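Encoded as structure tokens, the structure appears first; notes follow it.
The values are calculated or read from the model by the stated rules, or taken from the named source; none is laboratory data. All figures in this text were calculated on a predicted structure; none of them were measured in a lab. Here Cβ is always computed from backbone atoms with ideal geometry, including for glycine, and neighbour counts include all displayed protein chains. When the accessible area is computed, the model is the full protein with side chains, heavy atoms only, and any ligands, DNA or RNA have been set aside. Shrake-Rupley method; radii C 1.70, N 1.55, O 1.52, S 1.80 Å.
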Amino acid sequence: MRKTILGLGLLLANTQISQAQKADIDRKFDQKESVSHFTYLASDELMGRDPARPEIKLAYTFIADQLKKYGAMPVPGADGYYQNIPFRLSSPPSKGQISLGDSVFTQGKSLLVLDGKSIAGDFELIEVGYGMESDYEGKDVTGKVVVTNIGAPNRMTPADLFSLGREKVALAKAKGAIALIEMYNIPSIPWQLIVNNLNRPQMGVDQGASSDLPYVWIKDLTNETKNKVATGKVTKATFAIEGKNNRSIEGKNVLAWVEGTDPELKNEFVLLSAHYDHVGVGRPDAEGDSIFNGARDNAVGTTAVLNAARYFATNPPKRSVLFALWTAEEKGLLGSGYFANNPLIPLNQIVFNLNIDNAGYNDTSIITVIGLGRTTGDHLISEAVAEYGIKATADPAPEQGLFDRSDNVNFARKGIPAPSFTLGFTAFDDEIAKYYHQAADEVESFDMGYAAIYWKSYILSAQKIANTLEKPFWISGDKYEGVGKTLYGIQ
Ligand SMILES: [Zn+2]
């Protein structure tokens, strides 16, 4: 009985603290400034925030200026508020053709040259499984063209294909190969869709010397061509790839931090992140609009992280908070991936990543949290959202694999609990498709009352996680639990 009364007392006390926290956030929140930031980030002036376009500078200087103004500090080891990233923009060849036996593959039809320098001549082929380290065992690939299956077993999402491709290029180069052909055989992702997306300049992190290795995809849905190479029926390839144009571009992640107030917990960080880039300028829509403003994706999220920085800089929680606005998410999660591989704060000190990425929304009575229920901190997000009279719901379309398709996955893969706090959606319906990666994704069509709830409940969620005494972790059995234990040294 005593225990129950005590428990009830604690519950009431917690509720009161939560309400007081909410009241404080509500009082200090600046809706006018938030809408102004949101509007600027999604304005035509920024030309769709394409990291390959010069206007991206307007975006990252604006973000850095706000962080500085709010009093969030530069992260040691960064270039002021920036983490600089060496990108490389690789154009499609002016002419691209590869012959394997009597099959001829042509750029934009059955061939995509993704990176590397121009190359012409006859070369010996060697089949190397998936092109992973173990596949090279007992094989001498020196001076040869390596032919592999695309992706890797159980790693076939688009993000996997790109990140694995880069690893394979580096490995093939290190093994002495002169080119890498990946055979594309995934019927669930139509080849034509791939062509539409990739037969144009491609951005990647500059890998130094290995970036020059010619790297191509060939359409081979039935594995026919790969089998011919594997069985020795085809042993040589004739390459005619001309007019490759590769250009260096400096990318910028924008970073800042606020020190926690607790003498112990301040050594731990909660990472609040969103990508600030978008897809730039594209084909004009029916109204003649060609600027993809990316209000939902992800100016609203960028504004959310700025709002959090504004609040926490003067109201620091127990744990330290790291703010990160990633670049080049739309180019394959590049900015977040670069930080995860070159962290300026040791990853084992980052206890949680509350990321933001958005396609759109179709239900303003909810906040959708991609990955909700997979970490022991998630109930705090649900509680924070409930304070605003709406509900946090889990990913309505887990089969889409959204959790593994945005920046958060670069941290989840390292073991850090990393859900994404997104606008409410109950399905990938027309309301989402109307705006997702469309020129119509503008601020004018956004419900600003809902935006306010979204922004404020994000701050409250982050605050609860940054203050909780229990360190959040993956729930037992999650696919990232193992890497998490390794990262944090949990037995
Ligand atoms: Zn996005």
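For the stretch 57-139, what size does the Cα cloud have along each of its three principal axes, sorted from largest down, in whole Å?
Over the stretch 57-139, Cα extents along the principal axes are 64, 36, 18 Å.
Once you put a point 7 Å from the Cα of Tyr40 and another 7 Å from the Cα of Ala394, both along the Cβ direction, what distance in nm separates them?
Output for this residue pair reads 4.0 nm.
Would you please classify the overall shape of the chain from the alpha carbon gyration tensor, given that a ≥ b ≥ c denote the square roots of the eigenvalues, rounded means a/c under 1.5, and beyond that prolate means a/b larger than b/c while oblate covers the rest?
Verdict is prolate for the chain.
How fast does the stretch 193-287 diffuse by Stokes-Einstein, in µm²/s, taking the Kirkwood radius from C-alpha pairs at 25 °C and 0.890 mPa s?
For these conditions, the coefficient is 125 µm²/s.
Whenever you get a sec, compute what percent of the accessible area on the stretch 1-149 sits on carbon and sulfur atoms (1.4 Å probe).
The value for the stretch 1-149 is 57 percent carbon and sulfur by accessible area.
Antiparallel as a % of all DSSP beta bridges within the chain, to the nearest 5?
Counting DSSP beta bridges with both partners in the chain, the antiparallel share is about 60 percent.
Could you state the accessible area per residue of the stretch 430-474 in Å², with a 1.4 Å probe and every protein chain left in place?
37 Å²
Using a 10 Å cut-off on Cβ atoms, rank the peptides 404-412, 72-80, 286-294 from the highest mean neighbour count down. Could the numbers behind the result be given before it?
Values: 404-412: 24.9, 72-80: 15.3, 286-294: 17.4.
Highest-to-lowest ranking by the protection proxy: 404-412, 286-294, 72-80.
What is the spread of the Cα atoms of the stretch 50-196 along each of their three principal axes, largest first, in whole Å?
Dimensions of the stretch 50-196 along the principal axes of its Cα atoms: 63, 33, 32 Å.
Of all the C-alpha pairs in the stretch 268-369, what % are more than 21 Å from each other?
Of the Cα pairs, 43 percent sit more than 21 Å apart.
Taking all protein chains as present, what is the carbon and sulfur share of the accessible area of the stretch 416-491, in % to the nearest whole number, probe 1.4 Å? Before the final figure, lay out the partial values.
Working: 1620 of 3080 Å².
The C+S portion of the solvent-accessible surface of the stretch 416-491 is 53 percent.
Report the gain in length on full extension from Glu167 to Gln349: 0.36 nm times residue separation, minus Cα-Cα distance, nm rounded to one decimal.
Gain in length upon complete extension: 62.9 nm.
Once you put a point 7 Å from the Cα of Ala174 and another 7 Å from the Cα of Ala120, both along the Cβ direction, what distance in nm separates them?
Here the modelled spin labels are 3.4 nm apart.
Using alpha-carbon positions, what is the distance between the centroids of the stretch 297-321 and the stretch 64-136, in Å?
33 Å
Tell me, how many Å apart are the Cα centres for the stretch 151-186 and for the stretch 446-491?
32 Å
Can you say what percent of the DSSP beta bridges in the stretch 66-148, counting only those with both residues inside, are antiparallel? Round to 5.
Given both bridge residues lie in the stretch 66-148, the antiparallel proportion sits at roughly 55 percent.
Quantify, in whole percent, the carbon and sulfur part of the accessible surface of the stretch 166-317 (1.4 Å probe; protein heavy atoms only).
Working: 2870 of 5990 Å².
Carbon and sulfur: 48 percent of the exposed surface of the stretch 166-317.
For the stretch 387-491, compute the orientation-averaged projected area of the C-alpha convex hull (one quarter of its surface), in nm².
Mean shadow area of the hull around the Cα atoms is 8.4 nm².
Relative contact order, percent, of the stretch 295-374 when contacts are C-alpha pairs under 8 Å separated by at least 6 residues?
In percent, rounded to a whole number, it is 42.
Compute from the Cα atoms of the stretch 331-435 the Rg and the Dmax, the latter being the longest Cα-Cα distance, and quote both in angstrom.
14.2, 42
For the stretch 319-369, just say rounded, prolate or oblate: build the C-alpha gyration tensor, square-root its eigenvalues into a ≥ b ≥ c, call rounded for a/c under 1.5, and beyond that prolate if a/b exceeds b/c, oblate if not.
It is oblate, given that a/c is not under 1.5 and a/b is not larger than b/c.
How much accessible area per residue does the stretch 89-185 have, in Å², with a 1.4 Å probe?
Spelled out: the 1.4 Å probe surface of the stretch 89-185, per residue, equals 40 Å².
Be a star and scan the stretch 34-69 for residues whose amide nitrogen sits under 20 Å from the point 7 Å along the Cα-to-Cβ vector of Met448.
Residues 34-46 fall inside that zone.
Share of antiparallel DSSP beta bridges in the stretch 89-195, in percent to the nearest 5?
Just about 35 percent of them are antiparallel.
Do the alpha carbons of any pairs in Lys144/Lys228; Lys32/Lys456; Lys117/Lys219; Lys144/Lys233 sit beyond 18 Å of each other, and which pairs?
Beyond 18 Å between Cα atoms: Lys117/Lys219.
Between Asn245 and Asp24, what's the calculated FRET efficiency when r is the beta-carbon distance and R0 is 51 Å? Round to 0.05.
It comes out at approximately 0.40.
Under the rule a/c < 1.5 gives rounded, and otherwise a/b versus b/c splits prolate from oblate, where does the stretch 36-100 land using the Cα gyration tensor? Intermediate values should be presented prior to the final figure.
Numbers: a/c = 4.88, a/b = 1.86, b/c = 2.62.
Taking the square roots of the gyration eigenvalues as a ≥ b ≥ c, the stretch 36-100 is oblate.
Going by average Cβ density within 10 Å per residue, which order do the peptides 126-133, 165-172, 52-59 take, highest to lowest? Don't skip to the answer; put the middle values down first.
On the way: 126-133: 19.4, 165-172: 21.6, 52-59: 17.8.
Ranking, from highest mean packing down: 165-172, 126-133, 52-59.
How big is Rg to Rh over the stretch 134-262, alpha-carbon atoms, Rh as the Kirkwood inverse-mean-distance radius?
1.05
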